[in-house]
Amino acid sequence: MEKKTVFTGAATALITPLTEDGIDYVAFEKLINWQIAEGINALVVAGTTGEASTLSDDEHRDAIAFASKIVAGRVPVIAGTGSNDTEYALDLTRCACEAGADAVLSVTPYYNKATQKGLYQMYTRIADESTVPVILYNVPSRTGVNIAPKTYEALAEHPNIVGIKEANGDISKIVETMARVRGRLDLYSGNDDQIVPLMALGGKGVISVLSNVLPRETVELCDRFFRGDIAGAAEMQCRYHRLIDALFSEVNPIPVKAAMAAMGYCEDYLRLPLTTMEDDTRANLLDAMREVGIRV
């Protein structure tokens, strides 16, 4: 069974520029065009980093449609369409397909904590109805549920389920997953501090928060690995470790929104229950950005 690879390298889990009046589409367009000019391999819209959980239904749909229009086929657009309500996830997935997204990213259901049987049935329904490839997103630290390697193995049989954004942090379980799926699912790191380790297991790259602020460098890290310069990729992984740590020193996307505001790409505005960054963690973040040559 041959499946389509959505992208190889680095995809940015884009912030959504917000103001008190809603989505700042002027800033959003500027951000999208800058990311593409910097060589990013794909863009994820309306995911966790894009504050999908507090976007209104109209905003969520409009953000996907707007990004697809602005990107205009230059790189793949991956739309966040996950929900703990399967019917709503299906509705968002249909919307993303109609809007021109190239793939959808579907997070595990949060709060109601599905069983493995429930995960299998939910993802099968979504993949059955989607007209574009589906990437599964496993982030148990946020959702309270983990996709087991056996469940990945079963879902890998579906021709429209093509990849995994894996953020469970358990390397041993990821090794087991890769052994079970045997190339039938593309693996992407969901943790910026594990890009090189997961590519070493056969991963195709990363869906990244770091690449909001360093798109070209995150792409280069992946490119070095795929060119066989493993030491060079590892050196970059280590070089940006402090910045990555600072970008997750408070709940994502609080720090990356602060970072992008400092770079002039958006307002430092988040919707409750997220709040702006504390002074001490902000100072550390800005210092870490300056350390790697980002002007703030």
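The values are calculated or read from the model by the stated rules, or taken from the named source; none is laboratory data. Note that the structure is a prediction, hence the values are computed from the model and not measured. Using ideal geometry, Cβ is built from the backbone for each residue, glycine included, and neighbour counts are taken over all protein chains shown. The accessibility values were calculated without ligands, DNA or RNA, using every heavy atom of the protein model including side chains. Shrake-Rupley method; radii C 1.70, N 1.55, O 1.52, S 1.80 Å.
Only one of the values (1) -0.47, -1.47; (2) -0.39, -1.35; (3) -0.44, -1.24 was calculated from this structure for log10 I(q)/I(0) by the Debye sum over Cα atoms at q = 0.09, 0.16 Å⁻¹; name its label.
Among (1) -0.47, -1.47; (2) -0.39, -1.35; (3) -0.44, -1.24, the one calculated here is (2).
So if we plug the beta-carbon distance of residue 280 and residue 37 into 1/(1 + (r/R0)^6) with R0 = 51 Å, what FRET efficiency do we get, rounded to 0.05?
With a Förster radius of 51 Å, E is 0.90.
Would you calculate the separation in nanometres between label points at residue 53 and residue 267, each defined as 7 Å from the Cα along the Cα-to-beta-carbon direction?
Between residue 53 and residue 267, the label points sit 2.2 nm apart.
Whole-Hz ³J(HN,Hα) for each residue in segment 280-292, computed from phi via Karplus 6.51 cos²θ - 1.76 cosθ + 1.60 with θ = phi - 60°, x for glycine and proline: what do you get?
Per residue, the Karplus-derived 3J(HN,Hα) values read 6, 6, 5, 4, 5, 4, 4, 5, 5, 5, 4, 4, 9 Hz.
Count the net charge of all other residues whose Cβ sits under 10 Å from the Cβ of residue 291, scoring Lys and Arg as +1 and Asp and Glu as -1. List each step's numbers first, then the result.
On the way: positive: 239, 242, 290; negative: 287.
Around residue 291, the charge tally is +2.
At 1.4 Å probe size, with the rest of the protein present, what percent of the exposed accessible area of segment 144-233 is carbon and sulfur atoms?
Numbers: 1590 of 3170 Å².
On segment 144-233, the fraction of accessible area on carbon and sulfur atoms equals 50 percent.
Would you mind checking the pairs 113/204; 30/69; 3/30; 150/204 and listing those with alpha carbons more than 23 angstrom apart? Please report the intermediate quantities before stating the final value.
Working: 113/204 28 Å; 30/69 13 Å; 3/30 33 Å; 150/204 21 Å.
Beyond 23 Å between Cα atoms: 113/204; 3/30.
In segment 30-136, what chymotrypsin sites (Phe, Trp or Tyr not before Pro) fall in a loop by DSSP, with at most 14 other Cβ atoms inside 10 Å?
Details: sites: 34, 66, 88, 110, 111, 120, 123; in loops: 110, 111.
Those that pass, being in a loop and sparsely packed, are 111.
Can you give me the accessible area per residue for the chain, using a 1.4 Å probe, in Å²?
41 Å²
Under a point-charge model restricted to the Cβ atoms of Lys and Arg (+1) and Asp and Glu (-1), what is the dipole moment magnitude of the chain relative to its Cα centre, in debye to the nearest 20? Write out the running numbers ahead of the final one.
Values: 28 positive and 40 negative charges, 203 e Å.
The calculated dipole for the chain is roughly 980 debye.
When the accessible area of segment 247-296 is split by element with a 1.4 Å probe, what percent falls to carbon and sulfur?
Details: 1250 of 2520 Å².
Roughly 50 percent of what the probe reaches on segment 247-296 is carbon or sulfur.
Compute the Cα gyration tensor for segment 126-210, then decide on rounded, prolate or oblate, letting a ≥ b ≥ c be the square roots of its eigenvalues: rounded whenever a/c is under 1.5, prolate when a/b is larger than b/c in the other cases, and oblate in all that remain.
rounded
Would you work out if segment 1-159 is rounded, prolate or oblate? Take a ≥ b ≥ c from the square roots of the eigenvalues of the alpha-carbon gyration tensor; rounded if a/c is under 1.5, else prolate when a/b is larger than b/c, oblate otherwise. Before the final figure, lay out each step's value.
Numbers: a/c = 1.90, a/b = 1.44, b/c = 1.32.
Prolate shape, in that a/c is at least 1.5 and a/b is the bigger ratio.
Using a simple charge model, +1 on the beta-carbon of Lys and Arg, -1 on the beta-carbon of Asp and Glu, nothing else, what dipole does segment 27-107 show about its Cα centre, in debye to the nearest 20? Mind showing how you got there, number by number?
Working: 5 positive and 12 negative charges, 76 e Å.
Charge dipole of segment 27-107: 360 debye, to the nearest 20.
Taking 0.36 nm per residue of separation and subtracting the Cα-Cα distance, what length does fully extending residue 226 through residue 172 add?
17.2 nm
What percentage of the solvent-accessible surface of segment 73-137, computed with a 1.4 Å probe over protein heavy atoms, is contributed by carbon and sulfur atoms?
Numbers: 1340 of 2710 Å².
Within segment 73-137, the accessible surface is 49 percent carbon and sulfur.
Take the alpha-carbon centre of segment 1-68, take the same for segment 73-140, and report the distance between them in whole Å.
15 Å
Spelling out what I want: for every residue of segment 255-269, take phi, set θ = phi - 60°, compute 6.51 cos²θ - 1.76 cosθ + 1.60 (Karplus), and round to whole Hz; glycine and proline get x.
So the J values, rounded to whole Hz, are x, 5, 5, 5, 5, 5, 5, 5, 7, x, 9, 6, 7, 7, 10.
Using the Cα centre as the reference, give the magnitude of the dipole from point charges on the C-beta atoms of segment 89-161 (Lys, Arg: +1; Asp, Glu: -1; all else neutral), rounded to the nearest 20 debye.
Details: 6 positive and 7 negative charges, 79 e Å.
Here the size comes out at about 380 debye.
Once the cut-off is 18 Å, how many percent of the Cα-Cα pairs in segment 214-280 end up in the long-distance tail?
Numbers: 1072 of 2211 pairs.
Considering segment 214-280, 48 percent of its Cα-Cα pairs are separated by more than 18 Å.
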